[in-house]
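See below for the structure under consideration.
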Amino acid sequence: MASPTQKQYPAIKGLTWHRHQYYSFFTPMDWHRFAWPDGSEGDIYGPDAHDPLTVFAVSLKDLGIPVTADDLNSVAEGFFGAIEQLPEVQIDHRDQKVAGRLLILEAKYAFLDHDKDHGETRKCWRRVFYHETRQITMTAQGATVDKYDYWLPMFFQAMMTAGVHKEKPSFDIYN
């Protein structure tokens, strides 16, 4: 049993490989899958079917035009500018880089969400990938700061195993 000062973390029961044509990641096999409420293309997974705010979410948008390394500063300005406009935002980490033909933006932050009756501080980790004409946004969010911190090992697993690609990866490891 953990001492009162020792942090508790979720137990990993197993992982499943989510494969989409343009992205892939590992997620806990016992997490629930949600649909995007607005019908957006992408995937949402969360540990609790009754908590749609503690999630690992991926959205995919085809921008219709190629995004190149020359666009990095422009897309970064828009991305970080939007985060800075959130109520009572505290940005803990921000990064931008080019990796081959992939542009990557990343931020970890907390903000006050006024959408509910009393407001709640939420914590997020967001990575945005630009690949060819596509924008792939991956978001790990906790409904509260405590939920984010508790689920961070699972969020980390999904974020850091994420792949961005042109075609759906195969299970066939021998080809």
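The values are calculated or read from the model by the stated rules, or taken from the named source; none is laboratory data. Note that the structure is a prediction, hence the values are computed from the model and not measured. When we count neighbours, we look across all protein chains shown, and the Cβ atoms used for this are built from the backbone with ideal geometry, even at glycine.
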Scope region 101-152; condition basic (Lys, Arg) and closer than 29 Å to Asp62 by Cβ; matching residues: Arg101, Lys108, Arg122, Arg126, Arg127, Arg134
So which of Pro47, Pro10, Pro28, Pro37 is at pLDDT 85 or above and within 25 Å of Lys166 (Cα to Cα)? Pro28
Scanning region 85-103 for residues that are within 16 Å of Glu132 (Cα to Cα), surrounded by fewer than 17 Cβ atoms within 10 Å (Cβ to Cβ) and within 18 Å of the chain's Cα centre (by Cα) gives Lys97, Leu102
Count, please, the residues in region 49-77 that happen to be closer than 16 Å to Arg134 by Cα and loosely packed, with under 14 Cβ neighbours inside 10 Å. 9
Within the group Thr16, Thr27, which residue is touching a helix residue (DSSP H, G or I) at 6+ places or on another chain (Cβ under 8 Å) and either loosely packed, with under 14 Cβ neighbours inside 10 Å or assigned to a strand (DSSP E or B) (or both)? Thr27
Residue set Ala140, Ala107, Ala82; condition in contact (Cβ under 8 Å) with a residue 60 or more places away in the chain and either outside any strand (DSSP E or B) or within 14 Å of the chain's Cα centre (by Cα) (or both); output residue Ala140
Could you identify the single residue in Ser40, Ser59 that is within 14 Å of the chain's Cα centre (by Cα) and in contact (Cβ under 8 Å) with a residue 12 or more places away in the chain? Ser59
Just to verify a result, which residue in region 143-166, among those that are in contact with a Ser or Thr (Cβ under 6 Å, 6 or more places away or on another chain) and not in a helix (DSSP H, G or I), is surrounded by the most Cβ atoms within 10 Å (Cβ to Cβ)? Ala143
